[in-house]
Amino acid sequence: MVGESDLSRIGISLPENLLNKFDDIIGKRGYSSRSEGIRDAIRSYITYYEWMNDVSGERQGVITMVYDHDHRGLMEAITEIQHGNRHIVQSTIHSHVSDERCLEVILVRGQGEQLKTLAERLMSLKGVESVKLTTIKID
């Protein structure tokens, strides 16, 4: 069994602005190194992924997303995905955060797997900064 004490070295390439933001965060959170911050970020990502995969049954929820509205074709792709899922998309709220960024809140209801698939499709689009799915079980 491999534990966290059995370390592997990896290399990654990041845009400078992303690395700078990450360095700011690890400094504010008091991490002793980038490696410690990356390990924590990966643990959080794994936990979120496992939680998202546990979404089953009839659910009500919201998908929140932040994206670059100037990214070519992105607005059309988002609209097309929402229209293709109109059976689970109940409503949307669109807010202009800045000249480049938008926040969209999508109210959804349906089978957990459908909601997860919709969130993952939105997450995979180029120009999307973040997507978060939050659901509750329908009693």
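If the chain between Thr64 and His87 were fully stretched, how many nm would it gain, using 0.36 nm times the residue separation less the Cα-Cα distance? Don't skip to the answer; put the middle values down first.
On the way: separation 23, 0.36 × 23 = 8.28 nm, distance 1.82 nm.
Full-extension gain reported as 6.5 nm.
What spacing in nm lies between the two simple spin-label points modelled at Arg9 and Asp139, each 7 Å away from Cα in the Cβ direction?
5.6 nm
Please sort by residue number the GluC sites (Glu not before Pro) in the stretch 77-139 whose DSSP state is loop and whose Cβ has at most 16 other Cβ atoms within 10 Å.
Glu100
Once fully extended, how much extra length lies between His71 and Lys28, figured as 0.36 nm per residue of separation less the alpha-carbon to alpha-carbon distance?
Stretched out fully, the His71 to Lys28 stretch lengthens by 12.4 nm.
With the cut-off at 1.5 for a/c, could you classify the chain from its C-alpha gyration tensor as rounded, prolate or oblate?
Oblate shape, in that a/c is at least 1.5 and b/c is the bigger or equal ratio.
Return one whole number: the accessible area per residue of the chain in Å², for a 1.4 Å probe.
71 Å²
Pick out, from Ile25, Ile138, Thr64, the residue whose Cα sits farthest towards the positive end of the charge dipole of the chain, with +1 on the Cβ of Lys and Arg and -1 on the Cβ of Asp and Glu.
Working it through, the farthest residue towards the positive pole turns out to be Ile138.
Roughly how many debye, to the nearest 20, is the charge dipole of the stretch 1-108 about its Cα centre, given +1 on each Lys and Arg Cβ, -1 on each Asp and Glu Cβ, and no other charges?
Once rounded to the nearest 20, the dipole reads 200 debye.
In the stretch 1-99, what trypsin sites (Lys or Arg not before Pro) fall in a loop by DSSP, with at most 15 other Cβ atoms inside 10 Å?
Arg9, Arg72, Arg86
The values are calculated or read from the model by the stated rules, or taken from the named source; none is laboratory data. Computed from a prediction, not measured in an experiment: that's the story for all the values here. Cβ: placed from backbone, ideal geometry, glycine included. Neighbour counts: every protein chain shown. Ligands, DNA and RNA are stripped out before the accessible areas are found, and what is left, the full protein with its side chains, is counted by its heavy atoms. Shrake-Rupley method; radii C 1.70, N 1.55, O 1.52, S 1.80 Å.
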